[in-house]
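This report concerns only the one structure given below.
The values are calculated or read from the model by the stated rules, or taken from the named source; none is laboratory data. A quick note: this is a predicted structure, and the numbers were derived from the prediction, not measured. Positions of Cβ are backbone-derived with ideal geometry, glycine not excepted, and every protein chain shown enters the neighbour counts. For accessibility, only protein heavy atoms count, side chains too; no ligands or nucleic acids. Shrake-Rupley method; radii C 1.70, N 1.55, O 1.52, S 1.80 Å.
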Amino acid sequence: MPFIDFQSNLPAISFSEDFVRRLSSCAAAALGKPEDRMNVVVKPGVQMLIGGSCSPCVMLSVSAIGVTDTADKNKEHSAKIFEFLTRELHLTEDRIVIQFLTLQPHQVGKKGTVMSFL
């Protein structure tokens with residue numbers, strides 16, 4: 001049950017509902033998770049700075065159970081997600097930052113309980 005939190009200083013008009021669906025599909029494929037388990041939030045128009053510059057940029061947080069817990073896994077995830085974002089948004093890699101967070105089943109609530117019990 002991955003969570004994708006996408007933030008950008010690009011304007012809202014840059015992100016259609018179709019973009020959100022394609023981002024979800026890309027992240028699901030990269031993480032090896034079913035698309036119907038994805039949770040995606042896209043926050044456009046955010047005041048942001050990366051590397052000392054407010055030029056167009058993206059910060060992406062990927063939080064998941066069991067698939068973001070090693071450098072080797074995250075290197076693979078990163079390559080796939082960077083390829084998608086640079087292609088879709090016409091940004092260079094230095095304008096994108098991805099943060100990978102590992103969740104434990106007891107840290108994710110669903111259906112009135114936590115994933116540990118589902």
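This table checks each residue for (1) open to solvent by 20 Å² or more (accessible area, probe 1.4 Å); (2) under 13 Å from PHE6 (Cα atoms).
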| residue | (1), (2) |
| --- | --- |
| LEU23 | no, yes |
| ALA30 | no, no |
| LYS33 | yes, no |
| PRO44 | yes, yes |
| SER53 | yes, no |
| SER61 | yes, yes |
| GLN99 | yes, yes |
| VAL108 | no, no |
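Going by the conditions given, is ALA30 in a strand (DSSP E or B), within 11 Å of the chain's Cα centre (by Cα) and under 18 Å from PHE100 (Cβ atoms)?
Details: in a strand (DSSP E or B): no; within 11 Å of the chain's Cα centre (by Cα): yes; under 18 Å from PHE100 (Cβ atoms): yes.
So ALA30 does not fit the description; no.
Rundown of residues vs (1) out of contact with any Asp or Glu (no Cβ under 7 Å at 6 or more places or on another chain); (2) at pLDDT below 95; (3) among the acidic types (Asp, Glu), yes/no style:
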site	(1), (2), (3)
ALA28	no, no, no
GLU35	yes, no, yes
VAL46	yes, no, no
GLY52	yes, no, no
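Checked against (1) under 23 Å from HIS106 (Cα atoms); (2) open to solvent by 40 Å² or more (accessible area, probe 1.4 Å); (3) among the aliphatic types (A, V, I, L, M), MET38 passes all but a single condition, namely (2). Of the residues examined, LEU23 is one that is over 17 Å from LEU103 (Cβ atoms), at pLDDT 95 or above and not in a loop (DSSP other than H, G, I, E, B). Restricting attention to region 67-96, the residues being touching a residue at least 24 places away in the same chain (Cβ under 8 Å), surrounded by fewer than 16 Cβ atoms within 10 Å (Cβ to Cβ) and not in a helix (DSSP H, G or I) number 1.
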